Amino acid sequence: MQHSGRDNGIARSLWPFGFALAAAAFLVGLVLSWWLVAIAGGVCVLIGAGWIADSIRSKHPHLLEETVEHQVEAPKAAAPVRAAAGPAMSRSRFLEAGTLGLGAVMGGALTVPAVGFMVAPAFQSQGKHDANVGPLDNFTGVPEGTFMVTTFLLRKDQGDVSRRTVYVRYNGELQSQPSFTIISNRCAHLGCPVQPSGPIDDAKKVELTTDNGPVSLTPSQPAGFGCPCHGGAYDAEGNRTAGPPVRGLDRFEYSIIDGELHIGKAYSVGTVAGTGADARIKKFDLAAPGQHVDDWEWWLYPVQPPH
Ligand code: FES
């Protein structure tokens, strides 16, 4: 990028303008799209490098002159002694370059690991959980419409801090396979734990231990779910029916392995059409509480790392 001119000793350049545009695109990308973040970040780096190189050239014109001089004198360099000597570097310039280079290496060595440790955990092994909550019989051998209030460890290696509660309902068979509805207890407004709107039969609570750690199962017959924090209400499919939540309750994928139910990745839904095994669900990546997922307001929320 060329300087457009020089007035009163102040160089005018388009580099800052281009860098500001790319930085603005980067910030907009943080809200809209990782692709925009990657592209704008790359453009920022390129423009930044060009700007730095341009600044060095304008502050040390001898660097450029020296290059031109060597280009002009190239034919003379055919003389054996001159060719062997090569361009000379002054001691001060060598020290300057060495100090800058060492500073860059030390700065990188200190900041890259720190930033990596800070950011990487948000992206590592997120959303790839598989929690064994025990034999299918505990979920299927109950009256129709029963939700089992199921608590389990999402990550056994993290202990009780990863304890989660979900509501599991057996829907009968779908294409010769057992069908389940697994609803998260995290309110879609601000994340408070929603409760079943109906009796919970503590007398029939079952405690067991699987290879994923302790699991407890308590039957409940709710008409829906309610949130104690701000009065959010949901029906038995997790659809919002009242209050401030902006979408339905999150759900979990599941699998059946050796006759045991495994709870998998969580995902978000806007609304669920139909009920039970016949429900039609459009899945969205797990969104934060309060975040819209299926309407234009989705665009107003920042991109998030996987949960
Ligand atoms: S957190 Fe549930 S309604 Fe506000």
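The values are calculated or read from the model by the stated rules, or taken from the named source; none is laboratory data. Here the structure is a predicted model, which is why all the values come from computation and not from measurement. Positions of Cβ are backbone-derived with ideal geometry, glycine not excepted, and every protein chain shown enters the neighbour counts. Ligands, DNA and RNA are excluded from the accessible area calculation, which covers all protein heavy atoms including side chains. Shrake-Rupley method; radii C 1.70, N 1.55, O 1.52, S 1.80 Å.
The table that follows gives values for the structure above.
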| quantity | calculated |
| --- | --- |
| Most to least packed among 214-222, 172-180 [average Cβ atoms within 10 Å] | 214-222, 172-180 |
| Accessible-area ranking of 261, 30, 136, largest first, probe 1.4 Å | 30, 136, 261 |
| For the range 131-300, fraction of C-alpha pairs farther apart than 22 Å, in % | 41 percent |
| Solvent-accessible surface ranking, highest first, for 201, 160, 130 at 1.4 angstrom | 160, 130, 201 |
| Burial order of peptide ranges 242-255, 36-49 (average beta-carbon count within 10 Å, highest first) | 242-255, 36-49 |
| Accessible surface ranking that places the most exposed of 152, 19 first, with a 1.4 angstrom probe | 19, 152 |
| Label point distance in nm, residue 57-residue 197, each placed 7 Å from Cα along Cα→Cβ | 7.0 nm |
| The range 200-239: Rg to Rh, with Rh as the Kirkwood radius over Cα pairs | 1.12 |
| For residue 230, solvent-accessible area (1.4 Å; no DNA, RNA or ligand), Å² | 100 Å² |
| The range 131-300: relative contact order in percent, alpha carbon pairs under 8 Å with at least 6 residues between | 22 percent |
| Options 210, 249, 170, ranked by Cα towards positive dipole end of the range 131-256, top entry (Cβ charges) | 249 |
